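**Student:** Just passing along the structure, written as structure tokens.
The numbers here are math on the coordinates, done by the rules we state, and not lab data. Remember, predicted model here, so these are calculated numbers, not experimental data. Note that we place each Cβ from the backbone using ideal geometry, even for glycine, and neighbour counts take in every protein chain shown.
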Amino acid sequence: MQYRFKTDEDAAVWTVDPEGTDRLTVTTGTQTLHVRHGAVSPHHLHLAVDGLGVNTFVLRGDGEKTVVIRGVPYPVQDADFAERKTKKKADRENLPQVITPPMPSVVVRIPVSEGDRVCKGQAVIVLTAMKMETTLTSPFPGRVTKVNVAAGEKVMPGRILVDIEKEAETDAPDEGR
Amino acid sequence: MQYRFKTDEDAAVWTVDPEGTDRLTVTTGTQTLHVRHGAVSPHHLHLAVDGLGVNTFVLRGDGEKTVVIRGVPYPVQDADFAERKTKKKADRENLPQVITPPMPSVVVRIPVSEGDRVCKGQAVIVLTAMKMETTLTSPFPGRVTKVNVAAGEKVMPGRILVDIEKEAETDAPDEGR
Amino acid sequence: MFKKILVANRGEIARRILHTCREMGIGTVAVYSDADRKAVHVLDADEAVHLGAADPSESYLHIDRIIAAAKETGAQAVHPGYGFLAENGDFAERCEREGLVFIGPPARVIRALGDKTVARETMIRNGVPVIPGMNRPESDPDTLAQEADLLGYPVLIKAAAGGGGKGMRIVQARDALHEACVSAASEASAAFGNGAIYLEKYLARPRHIEFQILADGLGNMVHLLERECSIQRRHQKIIEETPSPALTPELRERMGQAAVAAARASGYVNAGTVEFLLDPDGRFYFLEVNTRLQVEHPITEMVTGIDVVRRQIEIAAGLPLNLTQQEIRGRGHAIECRIYAEDPEQGFFPSPGTIVFMQEPSGPGIRNDCGIYAGFQVPVEYDPILSKLVAHGEDRDAAIARMLRALERYVILGIRTAIPFLMDVLRSDAFRAGETFTDFVAAHFSDWKPARTETDLARLAYIADDLGGRRETKATGLPAGEHPSPWQRLGNWQR
Amino acid sequence: MFKKILVANRGEIARRILHTCREMGIGTVAVYSDADRKAVHVLDADEAVHLGAADPSESYLHIDRIIAAAKETGAQAVHPGYGFLAENGDFAERCEREGLVFIGPPARVIRALGDKTVARETMIRNGVPVIPGMNRPESDPDTLAQEADLLGYPVLIKAAAGGGGKGMRIVQARDALHEACVSAASEASAAFGNGAIYLEKYLARPRHIEFQILADGLGNMVHLLERECSIQRRHQKIIEETPSPALTPELRERMGQAAVAAARASGYVNAGTVEFLLDPDGRFYFLEVNTRLQVEHPITEMVTGIDVVRRQIEIAAGLPLNLTQQEIRGRGHAIECRIYAEDPEQGFFPSPGTIVFMQEPSGPGIRNDCGIYAGFQVPVEYDPILSKLVAHGEDRDAAIARMLRALERYVILGIRTAIPFLMDVLRSDAFRAGETFTDFVAAHFSDWKPARTETDLARLAYIADDLGGRRETKATGLPAGEHPSPWQRLGNWQR
């Protein structure tokens, strides 16, 4: 079987030959690795690669896993999945940008109200996580059409906190094009 | 709902009223207890009984659970289930007694062979577990019809290691009646 | 001795205090907010009282509710831990008034040491060296400018009611002073409701050295040697050690005497910490007194063999401190790493969430004061400290090696921690050489990223996990991917 | 220093040795049998070599295979741990011959101290007090009877090649002597291939006191104070502590000197333990020298601050022991409880099986040297030791309280352990009073059962677990009852 891993430039293609339930031979293009593997617990895999043992800890995500080795987390992505995801992300970045928290947070203040006009970069919501505050700003000039949250509410990444309708940029020329 | 717990004499009947997902009221016959409960992990339940907290650790078995509280294991049995089980056990004890290990063990020696005549109490198999040896003996006089294991084999409780056909007790009068 | 103590705190420090209470045969009461229904301190206590909503003002800072919880459960004393109400004079006074023993210094001591300019004056009067600077707040721009000229630039603007770096500004030259004073006063006002500021000489590359003090109310007072806490990020300590690699026996002796003098000057009772800055020339300056149990007290416990929390409780119960300075001897070397929920690759930004998996290090010389467990949801409302990993060895090198091995074995999945960053700090030449100054992180580790040299192994783990996943799917009928464990679904707030 | 060490052992002691190797920057090789493919020592080592079948003779006792594993991986030294080949003179000699450093005393020392009558003679010649008795084996019944008369009854028959209580008989009166000698010789012959026996005076209610020795090959030798190991069941220690409640400073001084004299008399090198019996009148008698790392070494480490395994490796590498007797000071009190897979309600019968769930205690003053994890199958082939829980406190009472709290929090589901028994021992008046003699368990805890006073709570947990189980069933579609975790199905041998 083949794996395509996302790299900084492109993808690394690895050929994998499983042998039984606890052995693998992997050809990476530059080398061939002989691996013994065993699950110690659902997140803990022990590998022996060409005889050298290592404990790895795997957190499964959507088309991505984070693997912790000797204290360091490695994000490992399936290239096909990553391409789809990157496209989606790019879409999101090109299309109406949204006001969403970067991490689980609590809403501290909402300095705008429905109907307000906002400039690009104007603070629209202040969040706090673990005693650190962060301010989300409007990505473009527009009008606040809806405030979806209230102060004190817990919010998660992905949730759209404030809807802003884009308006013609009369104040300043759009330098982003 | 009702629970019948096996006790040394008979059964304790408890009436249980669950409230929501984390509260119980229990009437034991002598008292009424108000309980808050929450699962910390699949085996770890925290209880607060009339305000006093306690951590309990539950191992689930067949109609029985072992609950560890402050270091001490408590076997807790459903009385209905226990009755069925006791009956089965009693059946087994009345019928041809079998040669089976009391705990997971390794067979050390088998001092008898198929066809051998054995007296009551004669050693038929020697087992070892964690460097301690134990000897299983014939429960009655008889003839060894089959040896099901070999020296060095790992054996589990319930497995019948040696089949012995009961024979008339000619050597000594049966004092068990 | 008390029969029952209420611990007015949460997480690792509440658990640590509960442990000692139980060892002393004292009953325990925990308090908790909505976010902490299944927190470790609730699980560890004999009784637990719900305070209110997750917001600290509704729970761990709500004096009335905490007092009510103590009265309701019959607690005789309150241990405040660190943070929250630990250095709140009003809370200490309220406890005293309500007939509860506050395990800490008297309210008047907390207040006197809480005002930095008052504390400075007290120290000067008692011969404790302070950083050259002003002894009272000032708002007049001309006066401030004159004082700055006298001190010589660079100068440091500080808030009188200060803490946590708020209202603090370094000013390099006269023309930037006015603007910086205005901005600092405004920030201090917003943070503390008090805009008073003053100036101090700015020390370049100092070390942060502090002494643990124990004092009973009967005149007995000792220090339990120093801790060096120079490795900080965002003005917050992340690695502490004892002994300090910078202290000679002679300097330790002098600083220890100054620390005891500082504590005596303020009429100190119970456990406290006298903080100093030490400059590269071996001159030291009083910084402040922390009137509480310090986060990093475990390294002192490991090196002196003394249980600081037990002593706090005994002192609060009126027992004399049966320790003399001569009896206190450090042995070996101890290092603490604070394990925060934060992402060191994103400017140490907080990383709350659910702990999916955890493996704690253990073994010889390792102590982990841990406030989390697999399945626990780290709340967004509180300080991101998860645990404190402490390693003790025969000497500094052995302690560093032990800590590195322990960090390598410490696995927390589900949220980010600074473990890889801490490992690189401990491995760095500068740290190994003991060149630990408060600018350490900025000087050596700005824009740090871990060296990801084991990508191939990570990919092999990805593949092996896939194969194992498929095997498991067949056997259980569960979908591949993250295994749903029942307790991962019990919470009320999921990622 | 060595670049790579092979650890010829398994479980907790292999892991403990691997930890120190890693801290010293030394590469590690584990060896394992079929039953230990996923044992902790395999997971912790840099490399792991498979030896063979589970039976010790095919794996951990198979000298050829272990030597081959060392050569194949380029290990320069071998640490034998305790048990298995640790006191096997042939193995030590074979290592020496193959150019591998054996981390322990030379083969000739192991052999000289392994023969009890030879060791007795050596001690007598060097002025170390021994139990009154014979200095050479004897088989003639009349000579034995005369010796017994001289000693006075009760006498103890011992096997010259002895150990583990095999070939040992207490004889109360002359008419039982002959029969007991025949039976003891036969048992010794079966156990050791050597039926030689001798007689000693039987001491009633002694304490077992031992001294940890460190000696380099250059003439430096110290002791690291004593350990008391009187609490035993089946002639095997289960609770050890230091300092001994029975030793005065003066007696400690004398016994320590005797221990060093005993070690010197045998030309001892590396770490070893000199065992004594101490009678109620304060007289002590040489018992034997254990020529290896002792199971209970962690309590010495906690009280002296010295890493015994690190010293073993340094000594084996030819480094001088830079310790003087004056530098070695005990601080506080440490207790070890051995956690065995055994059922204390069934005569401490072994209880192998799968660890379904585990919660390790942690926090101030707690060390757990642990050889298992949740999901691990405890093999039936080896010693039932799972882990060693150690508590250190400022004094004996504090250490007892800390140990009790830790035992209470130590949860192992799936197999039985003696945790409830250990708790009752530590709570008993006799233990608290320090009345610890080798007959302790027989005198106070024969036919022990735990007081099951919390049956109601257990039933409530049963009910709450049922309700939770139903809730989970709805959510996941899994059957109620034991939650199947994938890793519980990975093993090859299920209950």
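**Student:** For region A:2-94, rounded, prolate or oblate, judged on the Cα gyration tensor with a ≥ b ≥ c (square roots of eigenvalues), a/c < 1.5 rounded, else prolate if a/b > b/c?
**Tutor:** Verdict is prolate for region A:2-94.
**Student:** Also, quick follow-up: Would you work out the relative contact order for chain D, in percent, from Cα pairs under 8 angstrom that are 6 or more residues apart?
**Tutor:** This gives 13 percent for chain D.
**Student:** On to the next question. Note the distances from A:ASP62 to each other copy's matching label point, with points 7 Å along the Cα-to-beta-carbon direction, in nm, sorted shortest first.
**Tutor:** A:ASP62 label point versus its equivalents elsewhere: 4.4 nm.
**Student:** Is it possible to state the helix-based mean residue ellipticity at 222 nm for chain A, with each DSSP H run of 4+ residues giving -39500 (n - 2.57), the sum divided by total residues, to the nearest 500 deg cm²/dmol? What is it?
**Tutor:** Taken over chain A, the calculation gives -3000 deg cm²/dmol.
**Student:** Any idea what the relative contact order of region D:36-85 is, in percent, if you count C-alpha pairs under 8 Å spaced at least 6 apart?
**Tutor:** 25 percent
**Student:** Where the centroid of each part is defined by its Cα atoms, how far is region D:377-410 from region D:307-367 in Å?
**Tutor:** Their Cα centres are 9 Å away from one another.
**Student:** Quick one: angle between helix A:79-94 and the longest Cα principal axis of chain A, in degrees between 0 and 90, rounded to 10, please.
**Tutor:** Computed tilt is about 10 degrees.
**Student:** Which three semi-axes in whole Å describe the equivalent ellipsoid of chain D, each the square root of 5 times a Cα gyration tensor eigenvalue, listed largest first?
**Tutor:** Rounded to whole Å, the semi-axes are 37, 29, 24.
**Student:** Still on this structure: Neighbouring Cβ atoms within 10 Å as the yardstick, rank C:SER57, D:SER59 fewest first.
**Tutor:** Result, fewest neighbours first: C:SER57, D:SER59.
**Student:** Right, another one. Using alpha-carbon positions, what is the distance between the centroids of region D:76-139 and region C:34-74, in Å?
**Tutor:** Comparing the Cα centres of region D:76-139 and region C:34-74, I get a distance of 61 Å.
**Student:** Shielding of D:408-415 by partners, i.e. mean partner chain Cβ atoms within 10 Å per residue?
**Tutor:** Whole-number average of other-chain Cβ neighbours for D:408-415 is 5.
**Student:** Towards the positive end of the charge dipole of the protein assembly as shown, with charges on Cβ (+1 Lys, Arg; -1 Asp, Glu), say which of D:VAL295, C:PHE421, C:PRO80 has the farthest Cα.
**Tutor:** C:PHE421
**Student:** So for C:MET168, A:MET156, D:MET302, fewest C-beta neighbours within 10 Å to most, what's the order?
**Tutor:** A:MET156, C:MET168, D:MET302
**Student:** How large is the convex hull of the C-alpha atoms of region D:4-103 per residue, in Å³?
**Tutor:** Once divided by residue count, the hull of region D:4-103 is 78 Å³.
**Student:** For region A:11-66 and region D:215-283, what is the separation of their C-alpha centers, rounded to whole Å?
**Tutor:** Result: 50 Å between the Cα centres.
**Student:** Moving to a separate point now. Based on DSSP H runs of at least 4 residues, each adding -39500 (n - 2.57), what is the mean residue ellipticity at 222 nm of chain C after dividing by all its residues, to the nearest 500 deg cm²/dmol?
**Tutor:** Roughly -10500 deg cm²/dmol at 222 nm, from the helical runs in chain C.
**Student:** State the answer as a single residue: which of D:ALA45, D:LEU278, D:GLY152 lies farthest towards the positive end of the charge dipole of chain D, with beta carbon charges of +1 for Lys and Arg and -1 for Asp and Glu, about the Cα centre.
**Tutor:** Going by the charge dipole, the pick is D:ALA45.
**Student:** Taking every pair of distinct Cα atoms and averaging 1/r, then inverting, what Kirkwood hydrodynamic radius in Å comes out for the protein assembly as shown?
**Tutor:** 34.6 Å
**Student:** Note down the magnitude of the dipole of the protein assembly as shown about its Cα centre, charges +1 on Lys and Arg C-beta and -1 on Asp and Glu C-beta and zero elsewhere, to the nearest 20 debye.
**Tutor:** Around 600 debye, computed over the protein assembly as shown.
**Student:** May I pose another question? How large is the dipole of chain C about the Cα centre if only Lys and Arg carry +1 and Asp and Glu carry -1, each at its Cβ, rounded to the nearest 20 debye?
**Tutor:** Its charge dipole is roughly 820 debye.
**Student:** May I ask you to list the residues of region B:115-140 whose amide nitrogen lies under 19 Å from a point 7 Å from Cα along the Cα→beta-carbon direction of B:GLN97?
**Tutor:** B:117-127, B:134-140
**Student:** Is there a pair in D:LYS3/D:LYS158; B:LYS65/D:LYS166; C:LYS388/D:LYS388; A:LYS65/A:LYS154; B:LYS131/D:LYS38 whose C-alpha atoms are over 32 Å apart, and which pairs would that be?
**Tutor:** Flagged as over cut-off: D:LYS3/D:LYS158; B:LYS65/D:LYS166.
**Student:** Just rank D:MET123, D:MET134, C:MET1, fewest to most, by other beta-carbon atoms within 10 angstrom.
**Tutor:** C:MET1, D:MET134, D:MET123
**Student:** May I pose another question? State, as an integer percentage, the relative contact order of chain B based on alpha-carbon contacts under 8 Å between residues 6 or more apart.
**Tutor:** About 13 percent, as a whole number.
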